[in-house]
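The values are calculated or read from the model by the stated rules, or taken from the named source; none is laboratory data. Treat the numbers as computed from the prediction; the structure is a model and nothing was measured. Neighbour counts run over all protein chains shown; Cβ positions are idealised from the backbone, glycine included. For accessibility, only protein heavy atoms count, side chains too; no ligands or nucleic acids. Shrake-Rupley method; radii C 1.70, N 1.55, O 1.52, S 1.80 Å.
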Amino acid sequence: MADCQGDGEGASSPVELYEKLTAQGEQVRTLKTAKASKADIDAAVQLLLKLKINYKQMTGQDYKAGCPPSENSVAPENGPAAGGADDEDTVDPWNVSTNNAKGVDYDKLILRFGSSKIDKELVDRIEKVSGQKAHHFLRRGIFFSHRDMHQVLDAYEKQKSFYLYTGRGPSSEAMHVGHLIPFIFTKWLQDVFDIPLVIQLTDDEKYLWKDLSLEDCHRFAVENTKDIIACGFDVNKTFIFSDLEYMGASPEFYRNVVKIQKHVTFNQVKGIFGFTDSDCIGKISFPAIQAAPSFSNSFPQIFNGRKDVQCLIPCAIDQDPYFRMTRDVAPRIGYPKPALLHSTFFPALQGAQTKMSASDANSSIFLTDTPKQIKNKVNKHAFSGGKDTVEEHRKYGGNPDVDVAFMYLTFFLEDDEQLEKIRQDYASGALLTGELKKLLIDTLQPIIEQHQQRRKEVTEENVKQFMTPRPLNFN
């Protein structure tokens, strides 16, 4: 959602990075000796591990205490050592990248983040409790990881409701198709469980991280709201708010921000988010603002001051660091921990090594694109898993696991049987790359055209209605 360098990236030489590592190792030992809180020690250890990874990338060698590097000990092209085992995917709120053409290894990410896999048992239970067939995002593992979803369902079965919270960082006027994923799924959750939803627009965050004016960030928030409304949310159950507006209008929201800030140390946010001494203080305090909507009494107009209503957050897994911090703080300030449902990333047209980005027009299909633009982008830029010639492709088949057109169909083609047939035909060579791309184009064009039509119907009065603090239908 923003641009941030990890700790150690500012080091200009291996020796400087070595000195940072040594100091951080000493900091960890000091905290352990002083029997500091587990949260402080864990944050310091996370930062130490990040520095070690950066050191190996810079020098091609593992860090060893007492063995400083020479100034010229730099790995070729400043990359990881040849054959290095530390080819770990980069996943944080600002950067997503991998060297694997299939994309991020989500099973490893579950282990790394300490979340739980959404297995068939949980999908079946969601169907049973909701009384609805599971969304294809759940059936296909697009939403693949969770925190405390069973707890949410336990409570719901006992007639205890919950609410939804998701968000958008408005860095541009136009959203791309990848931005729709959490909103499509959140709308399904809202419909099947009949619960209220709050949507945070972090225009303050974009001002802090991007080279944008405050006015532009807020304008983008309003424009993005129109796209969000066009997803079909129920105005009687949905509150959309801009941080720049709501923070000043809600003392209860701001009080929760301050409570969170008091219980998270600078050392913790450095360890979690990789902030450095040169980052502005707005960035360092921002995570508390993204955490505050996780607590129901941040919205007294909806929940009448209740602080015991649990929150469920559908989001891409790169946002999880914010909510690991939130879950750590929650019991210390007397609130229930938010539960989470994590989605995979929507890949860039050029391949699954990174997610789609609004800052690169050729990597993205925007919600404002014409049918012709969609066709041209898919045909010209979508990475293919096919063979170099028709003859080879017919003989050996294509690889749907790395083919971007097929990946996009897993998100937008709802028919499971049709999708499986496309997979088999492409893998066998019966379906050519051009034909697969045409299937995607024929699927995407009407979806985006229909979205554009719904957006045209959104008036300024509709925007005002959704963004006005007010009671919602909540039982």
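Of the heavy-atom accessible surface of the range 330-447 (probe 1.4 angstrom), what whole percent is carbon and sulfur? The nonpolar share, carbon plus sulfur, comes to 51 percent.
On full extension, the segment bounded by residue 415 and residue 231 gains 64.2 nm, given 0.36 nm per residue less the C-alpha separation. Binning the alpha carbon pair distances of the range 80-199 at 5 angstrom intervals from zero yields the distribution 2, 8, 15, 20, 19, 14, 10, 6, 3, 1, 1, 0, expressed in whole percent. Computed over protein heavy atoms with a 1.4 Å probe, the carbon and sulfur contribution to the accessible area of the range 208-265 reaches 52%.
In the range 374-475, the ratio of gyration radius to Kirkwood radius, Rg to Rh, stands at 1.22 when only Cα atoms are counted.
Taking Cβ atoms as reference points and 11 Å as the exclusive limit, the residues near residue 410 contribute a net charge of -2, counting Lys and Arg as +1 and Asp and Glu as -1.
Converting phi to 3J(HN,Hα) with the Karplus coefficients 6.51, -1.76 and 1.60 and the offset θ = phi - 60°, the range 300-309 yields x, 5, 9, 10, 6, x, 5, 10, 9, 7 Hz in sequence order, with x at every glycine or proline. Rg and Dmax, both from the Cα atoms of the range 396-437 and both in Å, are 9.2, 28. Projected onto planes of every orientation and averaged, the convex hull of the alpha-carbon atoms in the range 315-439 covers 10.1 nm². Note on residue 94 and residue 119: the model spin-label points, each 7 Å out from Cα along the C-beta direction, lie 3.8 nm apart. Taking 1.306 mPa s as the viscosity and 10 °C as the temperature, the Stokes-Einstein diffusion coefficient of the range 218-299 based on its alpha-carbon Kirkwood radius rounds to 109 µm²/s. Expressed to the nearest 5 percent, the antiparallel share of DSSP beta bridges inside the chain is 40 percent. Each peptide among 273-282, 452-461 gets the average number of other Cβ atoms lying within 10 Å of its residues, and from highest to lowest they stand as 273-282, 452-461.
Each listed q (0.07, 0.11 Å⁻¹) maps to a log10 I(q)/I(0) for the chain, found by the Debye formula over equal Cα scatterers with no solvent: -0.39, -0.99. Size descriptors for the range 311-355: radius of gyration and Dmax over Cα atoms are 13.9, 46 Å.
Among the aspartates and glutamates, which fall within straight-line cross-link reach of residue 210, defined as a Cα-Cα distance under 20 Å, with same-chain neighbours fewer than 8 residues apart omitted? Hits, sequence-local ones excluded: 3, 7, 9, 92, 173, 223, 243, 245, 277, 279, 318, 360. The listed residues 91, 258 rank as 258, 91 when sorted by accessible area, largest first, using a 1.4 Å probe.
Each label point was placed 7 Å from the Cα along the Cα-to-Cβ direction; for residue 173 and residue 391 their separation is 5.1 nm. When the residues 107, 425 are ordered by accessible surface, computed with a 1.4 Å probe over the protein chains alone, the sequence from largest down reads 107, 425. With 23 Å as the limit on Cα-Cα distance, the pairs of 133/421; 206/270; 108/375 that go past it are 108/375.
Principal semi-axes of the equivalent ellipsoid, √(5λ) from the alpha carbon gyration tensor of the range 120-167, are 18, 14, 10 Å from largest down. Computed from the alpha carbon positions, the gyration tensor of the range 144-232 leads to an equivalent ellipsoid with semi-axes of 30, 14, 11 Å, biggest first.
Where only DSSP H runs of four or more residues are counted, the chain gives -15500 deg cm²/dmol as its mean residue ellipticity at 222 nm, each run worth -39500 (n - 2.57). Using a cut-off of 15 Å between beta-carbons, work out the net charge of the residues near residue 281 (Lys and Arg +1, Asp and Glu -1, residue 281 not included). Result for the neighbourhood of residue 281: -2. Counted as membrane-span-like here are DSSP H helices of the chain whose alpha-carbon atoms extend 20 Å or more along the helix's own axis and whose Kyte-Doolittle mean is -1.0 or above; these are 14-33, 38-59, 177-193, 214-229, 433-456. With the convex hull constructed from alpha-carbon coordinates only, the range 248-287 shows a mean projected area of 3.0 nm² over all directions. Spatial offset of the range 29-64 relative to the range 112-183 amounts to 33 Å, using the alpha carbon center of each. Computed with a 1.4 Å probe over protein heavy atoms only, the accessible surface of the chain comes to 45 Å² per residue. Measuring between their Cα centroids, the range 416-455 and the range 283-324 lie 36 Å from each other. When Rg and the Kirkwood Rh are both derived from Cα coordinates, the Rg/Rh ratio for the range 287-363 amounts to 1.13.
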